[in-house]
Amino acid sequence: MAEDLQQLVLNSLNDNGTIQDTRTLVLPGSSQPASSADAQITILGALNSLDSREMIKYDTHETLSHVLTREGTQIVLKGSHEARVWAALPVQGAGQPVSPADLKKLVGDETAKVGQGRAFKNGWIAKEGQGLVKVKSSITDVTQNQLLEVDSTGTLTSGDKDLADLRKRKLIIQKTGKWFTVHKGPNFSTSTAKPLTDLTVDMLTSGSWKSSNFKKYNFEAEGIPTNGGALHPLLKVREEMRNIFLEMGFAEMPTSSYVESGFWCFDALFVPQQHPAREVQDTFYLSDPIKSLPPPRDYYERVSKVHEHGGYGSTGYRAPWSDAESYKLLLRTHTTASSAHMLYKLAAVCRGEKPKEGEEYDWGGTSGRVERKEGLEKSDDGFRPAKLFSIDPAHDGSRVSCAGFMRVYFKKMGIENIRFKPAYNPYTEPSLEIFAFHPQLDKWVEVGNSGMFRPEMLAPMGFPPDVHVHGWGISLERPTMIRYGINNIRTLVGHKVPIESVEKAPAVRF
Ligand code: PHE
């Protein structure tokens, strides 16, 4: 049908040069000219298709026409209310007058009500006793005739006043219609064959390309959106954080060890072996393999000694040391475990060892996933799911103010409102929790934890007493939530997060 119609338009243009009024076209499969609004819409589809190939050009004209309402259609089928009332009554003197109550039963409440008034006004019916009779033996149903005319032509020859009257009676409504004048376009031809989109070897060898009709490039086309990958907002923020650290002179440390030993995750950090964080309810332990590889022998000895008996000016915990505890494998609870590995490697020079090939490390930062069994604790922003992301910068803290340093970092992230709170970590002294103001939650939220690593941690690694290391752990989630104006973590991570929200999340620039 669509092709037939296009062909019809082209043939008609070919024969006549222009089509003055598309309402004169007789559509395929029809015997009447296409005067209705619907027919013109169908024609418009064909015109647009031909126009996009520049085969034709067209001008649009607007018309006002009328269509019947439901009630109008009913009248066309059954006659006007007044005509129906008239038809239901006996001729005067020829039968029993019909009471108003019976009339309602005969023609229905609505028709009886509306029709009586108009029939009286037209002088078609009269009262006789208590009842009604017809006084005209034949009538002309003007309303029905007018509606029939509107139905087929969209208007009335009798004029606007009658149209307005029918509109007021809600029997017809006005509708704007369109019709078109069509001219030949630059690519006019009578063939509707689709223009070609590909140039093939065959066309080149046969030379048929010369006479082929090619589709024009549409440089305005937006193209089909690609289903490329999208970075999760957390990763976008991580990238920005990473850039800030690199700009501040940090190097990135390896963080691929999701499984750590109790030694590296806790013992090396001077976390007592009886610390509640090490209990099964806080830490995920591995059942297989059950035991980690041994840490460097000497270092292990020094660590166990500082725990059990102290040293380097510390009294230690003076609690029995357990090798089994130290060798347990677990899902790391913080990336400070990776910092410990790195600091131990960094201290190689201080221990008088030559760094291993490819292991000449600088101060660094880690970032990676960490696992804690904290579960979903209640908090305003639904924070603290078992899995968190942590970034752990560690650097020479000998000549910097740790709070000042962190202020600089957060300022670069666009977070100017920072507060510190004294805290406790077994491995740092002093320890500072970092709070940032969350504008959406309208309150201070914790964004990190930090401190100066204790001698009990650094000295067994081989660092001399004058080396001070500042370490911090910053969550990735909270700054991301602040940045994206999110006040519940469940809109950021978890199975309820729609994938489109990840795909459509705007880029972040700090
Ligand atoms: N490990 C701490 C945490 O996960 C962060 C931290 C790192 C604190 C380094 C002090 C020094 O909260």
* **Virtual spin-label span in nm between L196 and Y258, 7 Å along Cα→Cβ** => 5.5
* Could you list which residues have their amide H under 5 Å from that of T63, counting only those 5 or more apart in sequence or on another chain, with H placed in the peptide plane? => G177, K178, W179
* Points 7 angstrom from Cα along the Cβ direction at D160 and E110: gap in nanometres? -> 3.1
* **Greater than 30 Å apart at Cα, pairs in K412/K443; K178/K210; K104/K170** => K178/K210
* Structure fact -> In order over the range 159-171: 3J(HN,Hα) from phi, Karplus 6.51/-1.76/1.60, θ = phi - 60°, whole Hz, x for each Gly or Pro, gives x, 5, 5, 5, 4, 4, 5, 5, 5, 5, 7, 6, 9
* Go from 0 up to the bin containing the longest alpha carbon distance in the range 72-135, width 10 Å each, and give me the % of pairs per bin. => 25, 58, 16, 1
* Structure fact -> Expressed in angstrom and rounded, the centroid-to-centroid distance over alpha carbons for the range 179-206 and the range 9-67 is 20
* Structure fact -> Computed over the chain, the convex hull of the Cα set has an average projected area, in nm², of 47.4
* Structure fact -> Karplus ³J(HN,Hα) for the range 30-46 (6.51 cos²θ - 1.76 cosθ + 1.60, θ = phi - 60°; Hz, whole; x = Gly/Pro) runs 10, 10, 9, x, 7, 7, 6, 4, 4, 4, 5, 5, 4, 5, 4, x, 5
* Between W444 and residues 5 or more places away or on another chain, which pairs have amide H atoms under 5 Å apart, with H built 1.01 Å from N, and which residues are they? -> H438
* Asked: Treating the beta-carbon of each Lys and Arg as +1 and of each Asp and Glu as -1, no other charges, what is the dipole magnitude of the chain about its Cα centre, to the nearest 20 debye?
  -> 1560
* Sites K184 and E149 - FRET efficiency at Förster radius 30 Å, r taken between beta-carbons, to 0.05 -> 0.25
* To do: Kindly identify the range 20-108 as rounded, prolate or oblate by the Cα gyration tensor criterion: order the square roots of the eigenvalues as a ≥ b ≥ c, call it rounded if a/c is under 1.5, otherwise compare a/b with b/c, prolate if a/b is larger, else oblate.
  => prolate
* Assuming R0 = 22 Å, what is the FRET efficiency of V142 and S65, from their Cβ-Cβ distance, to the nearest 0.05? -> 0.60
* Please give the peptides 208-217, 273-282, 440-449, 302-311 ranked by average Cβ packing (other Cβ atoms within 10 Å per residue), highest first, as a rough proxy for protection. => 302-311, 440-449, 273-282, 208-217
* Asked: What distance in nm separates the simple spin-label points at A251 and Q281, each placed 7 Å from Cα in the Cβ direction?
  -> 4.3
* First compute the accessible area of the range 81-140 with a 1.4 Å probe, then give the percent of it belonging to carbon and sulfur atoms. => 51
* Could you work out the local net charge near G414, counting Lys and Arg as +1, Asp and Glu as -1, over the other residues with Cβ closer than 10 Å to its Cβ? => +2
* Under 17 Å from the Cα of K305, which aspartates and glutamates turn up, not counting those fewer than eight places away in the same chain? -> D267, D323, E325, E456
* **Length added when fully stretched, T226-Y424, from 0.36 nm per residue minus Cα-Cα** => 66.3 nm
* Asked: What angle do you read, to the nearest 10 degrees and between 0 and 90, between the alpha-carbon axis of helix 109-121 and the longest principal axis of the chain?
  -> 40
* Cα-Cα over 30 Å, subset of K354/K421; K78/K168; K78/K136; K105/K175 -> K354/K421; K105/K175
* **Per-residue ³J(HN,Hα) for the range 502-510, Karplus 6.51 cos²θ - 1.76 cosθ + 1.60, θ = phi - 60°, Hz, x for Gly and Pro** => 6, 5, 9, 4, x, 5, 10, 10, 8
* Stretch gain in nm, segment L293-N243, where the contour uses 0.36 nm per residue and the Cα spacing is subtracted -> 14.6 nm
* Want the number for V497 to E325: 0.36 nm per residue separation, take away the alpha-carbon distance, what's left? -> 58.1 nm
* To do: Could you pull out which residues in the range 472-505 have an amide N less than 20 Å from a spot 7 Å beyond the Cα of F437, following the Cα-Cβ vector?
  => 478-488
* Structure fact -> Heavy-atom accessible area of T181, protein chains in place, probe 1.4 angstrom, given in Å² to nearest 10, is 10
* Amide H to amide H under 5 Å from T428: which residues, 5+ apart in sequence or cross-chain, H placed 1.01 Å off N in plane? -> R454
* Asked: What net charge do the residues around G154 carry, taking every other residue with its C-beta under 11 Å from that of G154, with Lys and Arg at +1 and Asp and Glu at -1?
  -> 0
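The values are calculated or read from the model by the stated rules, or taken from the named source; none is laboratory data. This structure is a prediction, so every number in the text was calculated from the model and none was measured. As a convention, Cβ positions derive from the backbone with ideal geometry for all residues, glycine included, and neighbour counts pool all protein chains shown. Areas reflect the complete protein model, heavy atoms only, side chains present, ligands, DNA and RNA absent. Shrake-Rupley method; radii C 1.70, N 1.55, O 1.52, S 1.80 Å.
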